[in-house]
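Sharing a structure below in structure tokens format, with a few things to ask.
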Amino acid sequence: MNSVVLADIFKALSHPSRVEILDFLKTGPLTTGDLSNKFNVSRYAVMKHLQILEDCGLVIVRRKGRTRLNYLNAGFLNISQI
């Protein structure tokens, strides 16, 4: 894992809302709508946070028709690679 990837991961984890999103996804996949209902911000703001998490590999998005399912990519971080 190179330093650019690590910097992106730490940047993604620097915002409390993104950490909270990852905590919600620990229990299983959630739609973007389900996640936005858990926060007191706009759906657009949640989607921006999800995009940052997806860009660095912490979240995987699968689309089913019009539904976006967000999964925690728990296997992404392997401590032995750091």
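Any read-out appearing in this document is the output of simple, stated calculations on the displayed coordinates, not a laboratory observation. In this text, all values refer to a predicted model and were calculated from it rather than measured experimentally. Glycine also receives a Cβ, built like all others from the backbone with ideal geometry; neighbour counts cover every protein chain displayed.
I need the peptides 11-18, 37-44, 50-57 ranked by packing, meaning the mean over residues of other C-beta atoms within 10 angstrom, with the highest value on top.
50-57, 11-18, 37-44
Something else: Quick check on the exposure proxy: order Val19, Val46 from fewest to most C-beta atoms within 10 angstrom.
Sorted ascending by nearby Cβ count, the order is Val19, Val46.
For every other residue with a beta carbon closer than 14 angstrom to the beta carbon of Gly28, add +1 if it is Lys or Arg and -1 if Asp or Glu, then tell me the sum.
+1
Which length gain, in nm to one decimal place, applies between Asn2 and Thr67 when the Cα-Cα distance is subtracted from 0.36 nm times their residue separation?
20.1 nm
Also, I was wondering about something else. Obtain the nm distance between the two label points defined at Asp23 and Ala74 by a simple spin-label model: each point lies 7 Å from its Cα along the Cα-to-C-beta direction.
1.7
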